[in-house]
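Single-structure report; data block below.
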Amino acid sequence: MNSLDSVVRKKAELQSRGVQIPSELIPELEAKHNVPAISTGRMVLCLRSPKKADGLIPAFVVNGKRASTSPLHLVKNCSDQYEIWADEEKYTDVTILPRPRFYDTTTISGVPMHKLAVIVGPEHLRSVVNQECFYYQTGRPCRFCAVRHWWDANLNKNLSEIAAVVEAGVKEGVVRHVSLTTATLGTRGKGLEDLVETAKLIRARVAVPIMLEFEPLNDYSLLDCLLKEARQAGVTTVSSNIECFDESLRPEVMPAKGKIPIATYVKTWEKCVDIFGENQVFTVAVVGVGEKDESIAKGVEMAASHGVMTFLVPHSPAIGAEYEDMAAPSADRMLSLYEQAVNIYHKHGLNLTVSRAGCVRGGGFSAITDVARFGVE
């Protein structure tokens, strides 16, 4: 690592290595800044964009156990600004977003709003509508997943109250787009029905672009109905997340979800593209759970051939997941895969940078959108 590294490389290093947070800084961070999940090792650090007009580049960092041995640590300087140091040398300046006022507001039933949805990057609000996964309850969770431990939140949230949080964030001027996701439910719609209902409730309060993330359905009539309702409710962008392209690895990494045929994803993606259009349909693949790079490149190409872009995210071993002791992928590996993926998208006439809502627009969970904008070096 070098202080002359590009901003994109610095972001990739932060996400690969984690960042030690001195315990003496935590009270002030929690009081003044946007760190609602710092107790579970998660926080958003922002880097200055190489293009001044683009403002800040968020890096969502999940520390897990590796933070204790990371060479990177957060420092508050004499000007009350924050920096990341690598061992004994300054690596980069960082900005930590201020604590939004709505975090200290409660819903009509008395629930603190920060237990329902949180800011995960500039102007980007995210809610995990339900964190009680059916696969977890049946003893077959995805081994990299720690959805129940994502932040100190209500695991099962009231949908109307989520809508109230979105409205509060928009009115405060700190929210301009929203991500809604869910753990898989043991229902016919696997949780998508709750996401769509939440979008409707948001739409009744405020107009804001929304992204939904959900597991594919093999009931294509229900899928068609729900997606059309979502579109009418203001959903602009969707992601049906495959997690791992390697068919030989999927059942091991995802004992239940891995049994879903890739053909089911493809049919779901095609329906999504029909309804939401070009450059608004995505899938997530987690890098660093035992797969080969060739399987990722092949999978990215396959998805792109159906008009779907893969949002590659580094596996950040999280406490509470079965894979919590696994090593994270290196920054070099991630940057190489990002470049390969972006080139594939260009070949297929796809553009990551025009996503209208959610994690791809927000960019905090991966540097792939930054690579599309700025390159690596």
- request: Kindly point out, ordered by number, any Cys in the chain whose beta-carbon has no other cysteine beta-carbon under 4.7 Å away.
  value: C46, C78, C133, C225, C244, C272, C359
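Taking only DSSP H segments of four or more residues, each worth -39500 (n - 2.57), what value at 222 nm results for the chain once the sum is divided by all its residues, to the nearest 500 deg cm²/dmol?
It lands at -9500 deg cm²/dmol.
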15 Å Cα-Cα reach of K347 towards aspartates and glutamates, excluding residues that sit fewer than 8 places from it in its own chain: E278, E301, E339
task: First check a/c for the stretch 300-377, with a ≥ b ≥ c the square roots of the eigenvalues of its C-alpha gyration tensor; if it is under 1.5, answer rounded, and if not, answer prolate when a/b is larger than b/c or oblate otherwise.
output: prolate
message: Give the separation of the Cα centroids, the stretch 102-169 to the stretch 193-211, in Å.
response: 15
- prompt: Counting only residues 5 or more places away or on other chains, whose amide H sits under 5 Å from the amide H of T92 once H atoms are built in the peptide plane?
  reply: I84
- request: State the answer as a single residue: which of N343, V308, F144 lies farthest towards the positive end of the charge dipole of the chain, with beta carbon charges of +1 for Lys and Arg and -1 for Asp and Glu, about the Cα centre.
  value: V308
message: Defining a contact as two alpha carbons under 8 Å apart and six or more residues distant in sequence, what relative contact order in percent does the stretch 7-94 show?
response: 30
task: Could you point to the residue in S127, M1, L226 farthest towards the positive end of the chain's charge dipole, with +1 and -1 charges on the Cβ of Lys/Arg and Asp/Glu respectively?
output: L226
In the stretch 197-284, the GluC sites (Glu not before Pro) that fall in loop regions by DSSP, at most 16 other Cβ within 10 Å: E247, E278
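Classify the stretch 7-94 from the C-alpha gyration tensor, please: rounded if a/c falls under 1.5, else prolate or oblate depending on whether a/b exceeds b/c.
Cα axes put the stretch 7-94 in the rounded bin.
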task: Step through the table entries K11/K51; K10/K298; K190/K267; K157/K200; K228/K271; K157/K190, compare each Cα-Cα distance with 18 Å, and write down the pairs that go over it.
output: K10/K298
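At a threshold of 8 angstrom on Cα-Cα distance, excluding pairs fewer than six apart, so keeping six or more, what relative contact order does the chain reach in percent? Don't jump to the answer; show the numbers that get you there.
Values: 785 pairs, mean separation 69.7, N = 377.
Relative contact order here is 18 percent.
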GluC sites (Glu not before Pro) within the stretch 314-351, DSSP loop, no more than 15 other Cβ atoms inside 10 Å: E322
field: FRET efficiency, 1/(1 + (r/R0)^6) with R0 25 Å, evaluated for E28 and N351 via beta carbons
entry: 0.05
- request: With a Förster radius of 30 Å, plug the Cβ-Cβ distance of L155 and K228 into 1/(1 + (r/R0)^6) and report the FRET value to the nearest 0.05.
  value: 0.55
task: Match the structure shown to one of the listed values (1) 118; (2) 480; (3) 127 of volume of the Cα convex hull per residue in Å³, computed from it, and give that label.
output: (3)
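Bear in mind these aren't lab numbers, they're just calculated from the coordinates by the rules spelled out. As the structure is a prediction and not an experimental result, all values here were calculated from the model. Using ideal geometry, Cβ is built from the backbone for each residue, glycine included, and neighbour counts are taken over all protein chains shown.
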